[in-house]
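Below is one structure, written out as structure tokens; comments come after it.
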Amino acid sequence: MRIATVNVNGIRAAVRKGMEDWVEQTQADVVLLQEVRAPEELVADIVGDQYTLIQQASVLKGRAGVAIAVLKEHEVSSSVIGIGTEEPDLDTGRWVEASVPALGTTFVSAYLHSGVADNPEKMAAKYSHLDRVEERLAQLLAERTDVIPHVLVGGDFNIVHTPLDMKNWKPNHNKTSGVLDPEIAYLNRWFESDWVDAHRKLSGDVQGPYTWWSQRGKAFDNDAGWRIDYQMVNPELAERVVSARVDRAASYAERWSDHAPLVMEYEV
């Protein structure tokens, strides 16, 4: 199965810049989308009729928004919208789930809070959301069945894990949101226990490959990026990973998002 995840940085702008060509060329079984920032009915029209769409727009207009697009040849048996009944407005448009028996997997599209290092209120919101995510991750593993034994959580986590995941680690570590030790501690717990960073497992101990570059300066041209887009899977599915690539645009002008899609293939 081919699974793609990408933060589109506004789906309407992404389509104007060429996203539809990428979707057609990639032919993924499942596409996980984040930061859609559009009404749900509009997203359905954009994605097209070859996919079943599970999505949640943010209550806050023009913010967040996540979706899962599943090829219609694969039936979606169940879906979950959001991460809990007491979901704060800031947490909406950040978590959707879809279970696909033919692929033996429950998929999650996740857009975790970015936070602002010098803003205690925003960091408190981020940590609160991460706590909710951590609780749901444990539940997802416990809910697996013989029919659907695997879980894949993909998306923009807005946290780098190690110095290998960021070009300019030293000037940002413990100064910039996404590179703070309390944030990284969540990834440490996840990746050192019940979950596997599938992209890192396959790429090994190399610098990058990065998936996001600031729009400022020459970050993209100099490949001064961050690896903050993940496919996180249970260990059994991690053993089935066969390939991974980051669809980095050939030039700054050809980008349709400030993120590049992460496309991975698994044996099923």
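Give region 196-218 a look and list any residue that's open to solvent by 50 Å² or more (accessible area, probe 1.4 Å), within 16 Å of the chain's Cα centre (by Cα) and more than 14 Å from Ser257 (Cα to Cα), or say none.
Pro209
Only one of these is among the β-branched types (Val, Ile, Thr), more than 25 Å from Pro149 (Cβ to Cβ) and modelled with pLDDT of 95 or more: Val59, Val36, Val31, Val70. Name it.
Sole residue among the options that is among the β-branched types (Val, Ile, Thr), more than 25 Å from Pro149 (Cβ to Cβ) and modelled with pLDDT of 95 or more: Val36.
Taking the residues in region 224-239 that are touching a residue at least 60 places away in the same chain (Cβ under 8 Å) and farther than 20 Å from Ile68 by Cβ as candidates, determine which candidate is most open to solvent (accessible area, probe 1.4 Å).
Among them, the one singled out is Glu236.
Please verify whether Asp221 is open to solvent by 60 Å² or more (accessible area, probe 1.4 Å), closer than 24 Å to Arg94 by Cβ and over 15 Å from the mean Cα position of the chain (by Cα), treating the condition exactly as stated.
Judged against the criteria, Asp221 is not a match.
From the set of residues in region 117-144 that are touching a helix residue (DSSP H, G or I) at 6+ places or on another chain (Cβ under 6 Å) and under 20 Å from Lys61 (Cα atoms), which is most open to solvent (accessible area, probe 1.4 Å)?
By that ranking, first place goes to Ala125.
Consider Ala57 carefully, then state whether it is farther than 21 Å from Asn158 by Cβ and small (Gly, Ala, Ser).
no
Let me confirm something: among Pro209, Pro235, which residue is out of contact with any Cys (no Cβ under 6 Å at 6 or more places or on another chain) and more than 21 Å from Asn158 (Cα to Cα)?
Only one candidate qualifies: Pro235.
Just give me the residues in region 28-58 being of a type in the set (A, V, I, L, M, F, W, C) and free of Cβ contacts under 8 Å to residues at least 40 places away in the same chain, in sequence order.
Val31, Ala38, Leu42, Val43, Ala44, Ile46, Val47, Leu53, Ala57
Of the conditions (1) surrounded by fewer than 16 Cβ atoms within 10 Å (Cβ to Cβ); (2) part of a loop (DSSP other than H, G, I, E, B), Ile83 clears all except one; give me its number.
The failed condition is (1).
From the residues in region 86-116 that are more than 17 Å from the chain's Cα centre (by Cα), under 21 Å from Val59 (Cα atoms) and crowded, with 17+ Cβ neighbours inside 10 Å, which one is modelled with the highest pLDDT?
Checked region 86-116; the qualifying residue modelled with the highest pLDDT is Leu90.
The values are calculated or read from the model by the stated rules, or taken from the named source; none is laboratory data. These numbers come from a predicted model, not from an experiment. FYI the Cβ positions are ideal-geometry reconstructions off the backbone, even for glycines, and counts take in every protein chain you see. Surface accessibility is based on the protein's heavy atoms, side chains included, excluding ligands, DNA and RNA. Shrake-Rupley method; radii C 1.70, N 1.55, O 1.52, S 1.80 Å.
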